[in-house]
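Read the figures in this text as sums done on the coordinates, not as results from a lab. Not measured: the values here are computed from a predicted model. In this analysis, Cβ positions are derived from the backbone assuming ideal geometry, glycine residues included, and neighbour counts consider all displayed protein chains.
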Amino acid sequence: MFSKKETVNMDKVDTIVGKDTNFQGNLKAHGTLRIDGKVEGEIDCQGDVVIGENGFVAAGLKARNLLVAGVIKGNVSVSGKLEIASSGKLEGDISTGSLIIDDGAVFQGSCQMAKTTGHDKK
C-alpha cells in the first residue's frame, strides 16, 4: 500500500486533519485518515492512517495500515503494515503484522509482530 512506487490517492482520503488544525480528544474513523496537523488523545481507525510530514500525534493509535512521515508519540497497534518513512519518527511501543523502517527514520520503543499465515500451521 505504501511502497515508494505507490502514492496515497488523496481522492480516496475520507478524513483530513489539516496543517493548521489542533484536535484533542478521541478520534474514530472508518475510512482513510490523513493527519497533517496536531492530534492529542486517542485515534481508532478501521481503515488506513497517514501521518504527513507536518503531522504530530501524541496519542494511542489503532489502524489497519499506517504510514508515518511525521511524528507519533504513543503506542500503536496496526493489524496490517506499518511503515515509518525517512522523515518519520515514532516514540512508543508497536504491535503490527508487518514493519518497514526507511533509512533515516527514527523508532524508539519495542515492537511485537504477529501475523498468522498458512506457513505458521504445523
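With r defined as the distance between the Cβ atoms of residue 40 and residue 77 and R0 fixed at 25 Å, what FRET efficiency is calculated, to the nearest 0.05? Each step should come with its number before you reach the end.
Numbers: r = 18 Å, r/R0 = 0.71.
Computed FRET efficiency for residue 40 and residue 77 comes out at 0.90.
Quote to one decimal, in nm, the extra length available between residue 64 and residue 108 on full extension: 0.36 nm per residue of separation minus the C-alpha distance between them.
Gain in length upon complete extension: 13.7 nm.
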